[in-house]
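Below: one structure, written as structure tokens.
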Amino acid sequence: MALRNIIGKRIGNGIGLVGRRSLSTATCDVENRNSKSMNLYSAINQALHLALETDPRAFVFGEDVSFGGVFRCTTGLADRFGKARVFNTPLCEQGIVGFGIGLAAMGNRAIAEIQFADYIYPAFDQIVNEAAKFRYRSGNQFNCGGLTIRAPYGAVGHGGHYHSQSPEAFFCHVPGIKVVIPRSPRQAKGLLLSCIRDPNPVVFFEPKWLYRLAVEEVPEHDYMLPLSEAEVIRQGSDITLVGWGAQLTIMEQACIEAEKDGISCELIDLKTLMPWDKETVEASVRKTGRVLISHEAPVTGGFGAEISASIVERCFLRLEAPVARVCGLDTPFPLVFEPFYMPSKNKVLDAIKATVDY
Amino acid sequence: MATAFSTAKFSTQPFPLNPTSTTSHDSSIVFARPTSQFLGSTRKFRLTSSSKFNLSRRSKTVVAVSDVVKQKKSKSSPSLLITKEEGLDLYEDMVLGRAFEDMCAQMYYRGKMFGFVHLYNGQEAVSTGFIKLLKQQDSVVSTYRDHVHALSKGVPARAVMSELFGKTTGCCRGQGGSMHMFSREHNLLGGFAFIGEGIPVATGAAFTSKYKREVLKEADCDHVTLAFFGDGTCNNGQFFECLNMAALWKLPIVFVVENNLWAIGMSHLRATSDPHIYKKGPAFGMPGIHVDGMDVLKVREVAKEAIGRARRGEGPTLVECETYRFRGHSLADPDELRDPAEKARYAARDPITALKKYLIENSLASEAELKTIEKKIDEVVEDAVEFADESPVPSRSQLLENVFADPKGFGIGPDGRYRCEDPKFTEGTAHV
């Protein structure tokens, strides 16, 4: 995928900032010096190594993280940083997140892993009622900004009901937490480091389909990518497509096909879903006049609805066609019917054409 | 690291550690005599005996294998625990479980089934030991390792195999797959992909049975519910919440812990503050028993007592079965973390071989009879695979069915046709 270079100020990487949290708005040069080809789980693994290296009060914990995790994202951490900082928890998501909130409240960086996003629901109470409201309730005396919850989300081809869900919409509805979803290894490393160092609690969803499949040149040094900044990864003039995570690969394929029919598509990766970058999307819609949103989660009440409503509020007179949403169906995530349920390239292509021909 | 747990103390002795306190366990655990009041929670504490109550509760580590079973053990003549028919029945069930799971592995590697499949090899004694004592109306709630629970409960091998292949003839019409076996006819309330998720469901089912008996006065309703789950689940909040509710309301339920010492890659000993799960029963006011889960006869003895207790209305029981899974957590698990010596130790205690030895040594069956059973099972399993292969894949309309109760509320459009036949369906926006 084409990437625009993100040029910005370089900052120190958190050594000596044990008591305070460094701001995540700082960026680094994401040039290709000393970069290595790696897949998503390796990139995330590197990010975690750096996070633990640079902050002696960072912890990684969750189910099966000691031996490397079921997706190998935490390989080598226990050996390198010891069992006091990288440890397995019993099988209790509510306990894991609540425990993480407590760690964060005392000034540590708690990086909790939830084994599959489908299992995050017992922890939903802690995330929504405690993590999101901690700073608010305590009048800023305490905060759990050091908490980052990582969870693999999304379809994987054979996951069925409980290994394929995309719950991002539930968390976007809660003021007080951030939701971040990377689309590729390079993005993942930078975004994860930003999330860990962000002074707010963050839920970081990793597209599990891409763990091994997505391979990219990833710089080996410590770099952070800014949160709440969307990125235009493909320039176009006829229609704006907005998406995140693994769905962008599908959308890009649809864009390429649409190009053959003469439709020039602009593709935007939101990266941070909450708080999301309204300005970038709005600027793009003002240019093209049409917008299509696509995500794997069921269409009704999905995050696409929020984007659609916001865009209509801001760009009503500029819109040439209704906001289109190409999403998963309103059913539990199916097992055998997965290819039929998913917002596939053809569905996106049909919607692009329908919107352009409106 | 597992040495502390597998000492002889636990593996050979299924009966309580302090047998003297088994008598009158009823009066020391419940607050008052069972009255017409249905819910135990409304009874008052008996203040005079509360201190005595607390002490006796704390001193009881393991309780409630009744006197009846103890007497049986102390009879002078060595009596057999099972009859020939029962023995052959148990053998057949365990062999079916093992052959079926082995076939699943083959089919998975050939690409006929997909998804996350968790096999039960090695744990057959628990499923057979417990479920074979149930009636059809008794309910079973399982985990993601549910193929053999389904088979023991009576779901035909064909239905289970078709479900795994994702065909319409499967027990859930192909909707669920490996981890979601349901059967209304056999009262199998599901495999659950999420650990601990089924335990509250089982608690509710048990409540229904008690309600029918005591409030609706269906005197012959003595249906029992069994909830199966693993060692990892015993650290989960839902487990404790349900132990409390079940003991509080004296529900006819048996909580069966299949402790195979590993939760994917987490050793039970390193994840639990007190690895003796059976001790958690008395903490909530129900008996807790530990049994050797590799020996189907021992499991069956304990199961008889626990299920009997529930049927008589005496309340729940927590049974911890020490067992082992011979394969990895799932078919995608390379199983590199477990010590080969540990695996070998448990492989030597294979429940099927053990039962075979018992039957032959006690002249309950001959080698030939057992061989016939094995052949028969092989044929059953092969027939199941053929049946599943030939069954049709579900039609696309099935995708939208059963989201809500009223199919018109979702799966069927205003023109009376299924929404997936609507050309606009390809846009993925399934309007309601």
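The values are calculated or read from the model by the stated rules, or taken from the named source; none is laboratory data. Keep in mind that what you see is a predicted model, and the values were worked out from it rather than measured. Positions of Cβ are backbone-derived with ideal geometry, glycine not excepted, and every protein chain shown enters the neighbour counts.
Annotations
- B:Met94 being outside any loop (DSSP other than H, G, I, E, B) and either touching a residue at least 12 places away in the same chain (Cβ under 8 Å) or β-branched (Val, Ile, Thr) (or both): yes
- Here A:Ala78 clears all of (1) out of contact with any helix residue (DSSP H, G or I) (no Cβ under 9 Å at 6 or more places or on another chain); (2) under 25 Å from B:Leu337 (Cα atoms); (3) outside any helix (DSSP H, G or I); (4) not basic (Lys, Arg) except the condition numbered (3).
- Within region A:57-88, being crowded, with 20+ Cβ neighbours inside 10 Å and not β-branched (Val, Ile, Thr) holds for A:Ala58, A:Phe59, A:Phe61, A:Gly62, A:Glu63, A:Asp64, A:Ser66, A:Gly69, A:Phe71, A:Cys73, A:Leu77, A:Asn88.
To keep it simple, each residue is scored yes or no on (1) in contact with a Pro (Cβ under 7 Å, 6 or more places away or on another chain); (2) within 14 Å of another protein chain (Cβ to nearest Cβ); (3) in contact (Cβ under 8 Å) with a residue 60 or more places away in the chain.
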site	(1), (2), (3)
B:Ala332	no, yes, yes
B:Arg338	no, yes, yes
B:Lys343	no, no, no
B:Ala348	no, no, no
B:Ile352	no, no, yes
B:Glu369	no, no, yes
B:Ile377	no, no, yes
B:Val380	no, no, yes
B:Pro394	no, yes, yes
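- From B:Glu336, B:Glu361, B:Glu374, B:Glu379, residue being farther than 30 Å from A:Pro298 by Cα, modelled with pLDDT of 95 or more and loosely packed, with under 14 Cβ neighbours inside 10 Å: B:Glu379
- With respect to the conditions (1) surrounded by fewer than 18 Cβ atoms within 10 Å (Cβ to Cβ); (2) over 27 Å from A:Leu52 (Cβ atoms); (3) in contact with a Lys or Arg (Cβ under 8 Å, 6 or more places away or on another chain), A:Gly107 lacks only one, and its number is (2).
- Residue match in region A:229-237 (condition: surrounded by 24 or more Cβ atoms within 10 Å (Cβ to Cβ) and in contact with a strand residue (DSSP E or B) (Cβ under 8 Å, 6 or more places away or on another chain)): no
- Within the set B:Val126, B:Val148, the sole residue that is closer than 20 Å to B:Ile199 by Cβ, in contact with a strand residue (DSSP E or B) (Cβ under 8 Å, 6 or more places away or on another chain) and touching a residue at least 40 places away in the same chain (Cβ under 8 Å) turns out to be B:Val126.
- Pairs where the first residue, in region A:335-347, is farther than 17 Å from B:Cys172 by Cβ and more than 8 Å from every other protein chain (Cβ to nearest Cβ) and the second is part of a helix (DSSP H, G or I) and of a type in the set (Val, Ile, Thr), C-beta under 6 Å, 6+ apart: A:Lys345/A:Ile250
Here's the yes/no breakdown for (1) of a type in the set (Val, Ile, Thr); (2) closer than 22 Å to A:Gly69 by Cα; (3) buried (at least 24 other Cβ atoms within 10 Å of the Cβ):
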site	(1), (2), (3)
A:Gln115	no, yes, no
A:Arg137	no, no, no
A:Leu147	no, yes, yes
A:Arg150	no, yes, yes
A:His158	no, yes, no
A:Ser166	no, yes, yes
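- Of the residues making up region B:145-168, those that are within 13 Å of chain A (Cβ to nearest Cβ), touching a helix residue (DSSP H, G or I) at 6+ places or on another chain (Cβ under 7 Å) and either surrounded by fewer than 24 Cβ atoms within 10 Å (Cβ to Cβ) or of a type in the set (A, V, I, L, M, F, W, C) (or both) number 3.
- Criterion violated by A:Lys353 - all others in (1) within 28 Å of A:His161 (Cα to Cα); (2) surrounded by fewer than 21 Cβ atoms within 10 Å (Cβ to Cβ); (3) within 14 Å of chain B (Cβ to nearest Cβ); (4) touching a residue at least 60 places away in the same chain (Cβ under 8 Å) satisfied: (1)
- Helices (runs of 4 or more DSSP H) wholly inside region B:210-315 that include at least 3 residues being within 14 Å of another protein chain (Cβ to nearest Cβ) and surrounded by fewer than 19 Cβ atoms within 10 Å (Cβ to Cβ): B:237-248
- Checked against (1) within 14 Å of another protein chain (Cβ to nearest Cβ); (2) crowded, with 20+ Cβ neighbours inside 10 Å, A:Ala47 passes all but a single condition, namely (1).
- Taken residue by residue, region B:69-83 has at least one member that is at pLDDT 90 or above and either buried (at least 16 other Cβ atoms within 10 Å of the Cβ) or under 29 Å from B:Ile360 (Cβ atoms) (or both).
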